[in-house]
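Enquirer: One structure is given below, represented as structure tokens, and several questions about it will come after.
The values are calculated or read from the model by the stated rules, or taken from the named source; none is laboratory data. In this text, all values refer to a predicted model and were calculated from it rather than measured experimentally. Every residue, glycine among them, receives a Cβ derived from its backbone with ideal geometry; neighbour counts consider all protein chains shown.
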Amino acid sequence: MSGIVIIGTGEAGVGTAVALRTKGYQGDITLVGDEPHLPYRRPPLSKEFLKGDALPETLMLRPDAFFASSRIDLRTGVHAHSIDRPGKKVRLDGGETLSYEHLVLATGARNNVLSVPGHDLDGVFGLRTLDDASRLRARLIEGQSIAIVGAGFIGLEMAAAARSAGMQVHVIEAAGRVMGRAVSTEISTFFAEAHAAAGTQILLGTQVTALRGNQGKVAEVVLSDGRFIPATTVLVGIGVTPNVDLAEAAGLVVANGIVVDACLLTADPAISAIGDCARFPSAHTGDLLRVESVQNANDQSKLVANRVVTGETAPYQSLPWFWSYQGPLRLQIAGITTGYDSTVVTGDRAAGAFSVYCFRHGRLLGVESVNKPADHVAARRILERGLLLSPDEVSRADFDPKAFALGAEASAPR
Ligand SMILES: Cc1cc2nc3c(=O)[nH]c(=O)nc-3n(C[C@H](O)[C@H](O)[C@H](O)COP(=O)(O)OP(=O)(O)OC[C@H]3O[C@@H](n4cnc5c(N)ncnc54)[C@H](O)[C@@H]3O)c2cc1C
């Protein structure tokens with residue numbers, strides 16, 4: 001058997017298989033993933049599913065029957081062991097080999113482990129998989145205490161879910177502000193205040209030095225300043241490491257991700273890498289980026305499928321966008337705002353509905369919107385079209401992002 005082999009059954013892997021068929025690819029497609037479940041979406045794991053508002057079957061990316069009817073040979077619970085590049089074969093655990101014309105690595109990422117004494121006690125969790133989320137969901141019990149290590153998106157989404165379940169919640173963050181790697185100071189401050197107002201204790205600039213247990217079960221978190229926090233559940237949300245082992249062992253270049261070119265090809269023309277595991281050159285700056293988002297996984301899967309089917313070598317240049325839902329707050333981000341040097345805030349911060357426009361040297365990098373979906377949609381339009389928007393324009397009392405996007409588009413030279 002030959003054709004396309006895809007390793008990884010997340011958004012990127014499934015997206016590639018679906019896009020290949022949509023584009024009319026007629027050959028064999030084999031989709032291999034080591035998780036036991038039908039392919040599923042991760043975002044609800046820290047949101048609706050955690051709160052009990054979604055059943056596992058509603059998370060599935062496609063119904064079971066879809067794969068057979070689309071002639072996609074889905075292999076779940078199967079780990080890909082190694083790649084034989086000269087022979088164009090993938091060896092699976094158990095010894096079976098799959099030949100490929102083209103191989104797509106969509107191996108995603110895994111949670112970083114908190115390397116302190118006690119990290120392996122009972123009651124200490126990560127949140128990446130459906131199984132993780134199912135275990136954590138069973139721990140959301142009113143009156144009990146949870147300590148969350150890391151105030152990133154997942155840590156804060158978990159904090160919101162645990163508070164709404166009536167738990168005592170501590171969030172411990174080594175950096176000086178929440179979501180510090182991803183958002184502006186304005187958004188960090190607003191979200192820290194909102195979580196504190198909901199009753200969550202946020203400890204910034206604080207490290208965990210140990211987890212202590214009682215009869216093998218976690219009981220308290222020891223902090224760098226000598227304090228300790230009682231907790232019968234600990235969620236560790238301190239980022240992820242891309243799954244590059246397969247690529248690295250096959251001699252492909254890896255550096256915080258599988259390194260690919262602008263078309264998402266590795267140095268081997270028969271192997272692409274996409275999604276959370278891939279590091280690609282930014283269309284805007286040329287810097288190598290690794291983006292962890294559904295948008296990125298989906299758009300990259302479509303680009304690779306198109307290249308495989310049509311031979312077109314278009315560079316990847318989709319606008320990154322993200323979301324995070326924390327209790328009643330809907331954060332949506334268009335663009336990547338890291339490295340901004342000035343901001344303009346619009347809307348009503350006190351009412352919890354506003355946007356932060358982030359600029360660098362007067363050029364718009366991105367827009368972070370809280371409970372302002374229309375601003376987010378307009379911001380994506382502005383950034384995707386490369387429309388010039390200055391801080392002065394955004395500061396005008398009558399600034400309307402939707403009208404600006406439509407007006408600038410209409411007057412832009414064709
Ligand atoms: C709890 C949670 C909430 C999130 N919320 C959001 C959100 O709100 N918005 C957003 O945009 N993004 C969110 N994300 C991120 C988003 O889900 C990921 O960026 C996206 O799912 C990445 O998809 P992927 O296919 O690249 O990787 P993955 O989903 O990680 O899939 C890779 C798969 O490959 C498998 N695999 C790895 N190596 C092998 C091997 N050798 N053999 C076989 N299988 C292998 C892995 O086990 C995994 O199943 C969230 C992530 C998590 C964990």
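Enquirer: If the requirement is being over 20 Å from the mean Cα position of the chain (by Cα) and charged (D, E, K, R), which of these qualifies: Asp34, Asp64?
Expert: Asp64
Enquirer: Given Leu288, Leu264, Leu235, which one is on the phi > 0 side of the Ramachandran plot and touching a strand residue (DSSP E or B) at 6+ places or on another chain (Cβ under 6 Å)?
Expert: Leu264 is the lone residue from the list that is on the phi > 0 side of the Ramachandran plot and touching a strand residue (DSSP E or B) at 6+ places or on another chain (Cβ under 6 Å).
Enquirer: When region 280-294 is examined, which residues are found to be within 12 Å of the ligand (Cβ to nearest atom) and in contact with a Lys or Arg (Cβ under 6 Å, 6 or more places away or on another chain)?
Expert: Residue satisfying the conditions is Arg290 alone.
Enquirer: Among the residues of region 77-136, which ones are part of a strand (DSSP E or B), of a type in the set (Val, Ile, Thr) and outside the structural domain of Pro44 (by TED's automatic domain parsing)?
Expert: Val124
Enquirer: Going by the conditions given, is Ala412 hydrophobic (A, V, I, L, M, F, W, C), under 20 Å from Gln332 (Cα atoms), over 24 Å from the mean Cα position of the chain (by Cα) and modelled with pLDDT under 95?
Expert: no
Enquirer: Do we have Gly108 as at positive phi and away from the ligand (no atom under 15 Å from the Cβ) here?
Expert: no
Enquirer: Just name the residue that is farthest from the ligand (Cβ to nearest atom) out of those in region 1-54 that are at pLDDT below 95 and small (Gly, Ala, Ser).
Expert: Ser2
Enquirer: Any residue that is loosely packed, with under 13 Cβ neighbours inside 10 Å, more than 13 Å from the ligand (Cβ to nearest atom) and over 30 Å from Val169 (Cβ atoms) - is there at least one of those in region 222-233?
Expert: The answer is no, given that none of the residues of region 222-233 is loosely packed, with under 13 Cβ neighbours inside 10 Å, more than 13 Å from the ligand (Cβ to nearest atom) and over 30 Å from Val169 (Cβ atoms).
Enquirer: Considering (1) more than 13 Å from the ligand (Cβ to nearest atom); (2) over 26 Å from Glu48 (Cα atoms); (3) of a type in the set (Gly, Ala, Ser), say which one Ala353 fails and leave the rest.
Expert: (2)
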